[in-house]
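The structure appears right after this line, and notes come after that.
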Amino acid sequence: MNKINPFESAMTQLTKAATVIEKTTASKAAKKSLQQKMEILRQPKRTVNVTLPVRMDDGTQKIFQGFRVQYNDARGPYKGGIRYHHNVTPDEVKALSFWMVMKCAVADIPFGGGKGGVIVDPKSLSVDELERLTRAYGRALADIVGPDKDVPAPDVNTNGLIMGWLLDEFIKVQRQKAKSFGKKLSKSDEQRFRGTYNGKFIKDGGSEGREEATGLGGLFVLEAILAKLKLKRKLTVAVQGFGNVGYNVAKFLDETGFKVVAVSDSKGGIYVPDGINPALTLACKKKNGFLAGCYCSGSVCDLRKGKQVTNEALLELPVDILVPAALENALTKENASRVKAKVVLEMANGPTTPEADAILYKKGIPVIPDILSNSGGVTVSAFEWEQNLKGEHWTKKYVNAKLKAKMVSAAGAVWNASVKYKIDLRTAAFVVALGRILAAMQ
Ligand code: NAD
C-alpha cells in the first residue's frame, strides 16, 4: 500500500494549487514573493530524529527510531499527531506534517503543522514496554514541544493513554528544569503545560468530544458537500479502516440515516447489504479479534446476513459513498478506474494518489479531500488546547456546536473556491489554505 512516496504526492498537490494562485497574481513583485514562499513550503523547517533505547520485559534492550517533523509555524505552533507503525518512514511523516499545515489553515485554527512517528508495531509490545517506549519518546521530544511550540495528538495506533504518558514525561522534565534553577513550577504553568498534548483522557485535561471529533467532523463536511451536490440521504457507504476514525464515521453516518454496508480493517472486510450496526460490529470484532463473521445488522449478528470482502474489493463496491479511513495510497492509478462510488470522503490522510485523483475527476467522482474531511480531529484538539490554556472545561454540546460551525464554514469556503476557479475540491482546499498561509508568511 505504501510504495508510492506520499511526500511526492503532497508536493504535486501543492504545485497544482500554486499554479491557480499564480494565475491570479498580477504584479511581478507579488509573483516573486509567491515563488519565494513556495520554495519555503517545499521543505520542513525542522526534522528531529530520535533514538529510543527501551528495556524489554525479558531484560534485554531494544533500540527504536522515532521522528518529529516541524513543517511550518507561520500561523501558530506546530500541530499534528504521532503515529506508531512498523512501516512508518521519514518521508511519510514529512508528508503528513505538510498536510497538517494545510489542514489547520483550511479549518482556520491558529496552528502550523507537524507530525511524529515511531517505527514500531505496538501490538508486538506488552503494555509496560509500550509505556517505556512512549516515555522515552516523550523525554526525547520535551525540548521541542510545548503549548506555544508544538502540540502533538493521537494518530494511527496512538490514543489517550499514550498522550497521558507523553504529557506526564513532558511535565516531569519541566519540573526538573525548574528545580535545576532552584524554582518550582507555578500552578498556572502546570495548567498551561497540559495544552502540550491533545487527545488526552478527560481526567488528564482532555476535551469532551475529542475521541469522536474526526468522525463527527467528517459527517458535518459530508452533509455540507452533499447539500451542494444536491444528493439526498439514504445513501450507501463503504468504510475502509475500522479504527478510531473509521468506526466513528461509520457510527455517525449510521445514526443520521446513511446505510453503511461495508467496513474493513487490516485483516480484511465485511459486506452486509442490509446495513451494518457499527457498535455491535465493533463489540463482535473485539470478542473475536477479527471482523469476519461479524455480520451485525439491526440488533443481531447473523452469519447469513453478510460475507467477507478483501480490502481491495471493498474500494470497488457499488456504493454511493466510499470512505477510505485507514492509511495512505488506498486509491491509486491501478484501482481508481474501478471505483463505483458517487463521492469519495477521504477520512485517512493521503489515501488518494495524484494519478488516482485525475482518474476520479475524469469519471466525475468528487473527492472530498482529507485536509477538509478529517480536520474535525485537529479542530477539537485546538479546542482542547484552548481549554487547557484558559483552565476551562467545555460541555460536549458546546464543543460539537463549535465543531459544526467550523466544519460548515470550511466546507463552504472550499466549495466556493472550487466553483470560482473551476477546480476540483482538493485543489480548492489547497487554494483556501495557501491563501491563509501565504498571508501569514510575511
Ligand atoms: P487507528 O489506528 O485507530 O485505526 C486504523 C485502522 O486502519 C485500523 O482499523 C486498522 O486495522 C486499519 N488498517 C490498517 N491497515 C489497513 C489496510 N491496509 N487496509 C484496511 N485497513 C487497514 O487510526 P485512526 O486514528 O483511525 O487513523 C486512521 C486514518 O485517519 C489515518 O490516515 C490517520 O492519519 C487519519 N486521521 C486520524 C485522526 C485522528 O484523530 N485519529 C485525525 C485525522 C486523520
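The values are calculated or read from the model by the stated rules, or taken from the named source; none is laboratory data. Every value quoted in this text rests on a predicted model; they were computed, and no experiment measured them. So basically every Cβ, Gly included, is an ideal-geometry build from the backbone, and we count neighbours across all protein chains shown.
You will find that of SER381, SER373, the residue that is within 11 Å of the ligand (Cβ to nearest atom), of a type in the set (Ser, Thr, Tyr) and touching an Asp or Glu at 6+ places or on another chain (Cβ under 6 Å) is SER373 and no other.
Pick out the one residue from GLY59, GLY76 that is in a loop (DSSP other than H, G, I, E, B), in contact with a Phe, Trp or Tyr (Cβ under 6 Å, 6 or more places away or on another chain) and at positive phi. Only one candidate passes the filter, namely GLY76. Filtering VAL106, VAL88, VAL145 for residues that are within 14 Å of the ligand (Cβ to nearest atom), over 14 Å from the mean Cα position of the chain (by Cα) and not polar (S, T, N, Q) leaves a single hit, VAL88. Tallying residues that are buried (at least 24 other Cβ atoms within 10 Å of the Cβ) and under 21 Å from the mean Cα position of the chain (by Cα) within segment 121-140 yields 3.
Working carefully through the options VAL323, VAL343, find the one that is over 20 Å from LEU96 (Cα atoms), outside the structural domain of ALA95 (by TED's automatic domain parsing) and surrounded by 19 or more Cβ atoms within 10 Å (Cβ to Cβ). Residue meeting the stated conditions: VAL343. PHE170 - would you say it is in a helix (DSSP H, G or I) and in contact with a Lys or Arg (Cβ under 9 Å, 6 or more places away or on another chain)? The answer is yes for PHE170. One residue stands out among those in segment 354-370 that are in contact with a strand residue (DSSP E or B) (Cβ under 7 Å, 6 or more places away or on another chain) and not acidic (Asp, Glu): the one that is nearest to the ligand (Cβ to nearest atom), which is ILE368. Residues in segment 402-442 that are hydroxyl-bearing (Ser, Thr, Tyr) and either over 20 Å from VAL344 (Cβ atoms) or over 19 Å from the mean Cα position of the chain (by Cα) (or both): SER409, SER418, TYR421. Can you tell me how many residues within segment 278-312 are under 19 Å from GLY218 (Cβ atoms) and either in contact with a strand residue (DSSP E or B) (Cβ under 8 Å, 6 or more places away or on another chain) or not small (Gly, Ala, Ser) (or both)? Residues that pass the stated criteria total 3. Using the structure shown, decide if GLN174 is within 19 Å of the chain's Cα centre (by Cα) and not hydroxyl-bearing (Ser, Thr, Tyr). For GLN174, the condition - within 19 Å of the chain's Cα centre (by Cα) and not hydroxyl-bearing (Ser, Thr, Tyr) - is not met.
Residues are listed down the side, and each one gets a yes or a no for (1) modelled with pLDDT of 95 or more; (2) not hydrophobic (A, V, I, L, M, F, W, C); (3) not in a loop (DSSP other than H, G, I, E, B):
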residue	(1), (2), (3)
MET1	no, no, no
ALA29	no, no, yes
ILE40	yes, no, yes
PRO44	yes, yes, no
ASN49	yes, yes, yes
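Looking across segment 220-247, the residues that are in a helix (DSSP H, G or I) and either touching a strand residue (DSSP E or B) at 6+ places or on another chain (Cβ under 9 Å) or of a type in the set (Val, Ile, Thr) (or both) come down to VAL221, LEU222, ILE225, LEU226, LEU229, ASN244, VAL245, GLY246, TYR247.
Residues checked against (1) surrounded by 14 or more Cβ atoms within 10 Å (Cβ to Cβ); (2) touching a residue at least 40 places away in the same chain (Cβ under 8 Å):
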{"position": "PRO6", "(1), (2)": "yes, yes"}
{"position": "ALA29", "(1), (2)": "no, no"}
{"position": "MET38", "(1), (2)": "yes, no"}
{"position": "VAL48", "(1), (2)": "yes, yes"}
{"position": "GLY80", "(1), (2)": "yes, yes"}
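Residues of segment 242-298 that are within 16 Å of THR310 (Cβ to Cβ), more than 14 Å from the ligand (Cβ to nearest atom) and hydrophobic (A, V, I, L, M, F, W, C): VAL261, VAL272.
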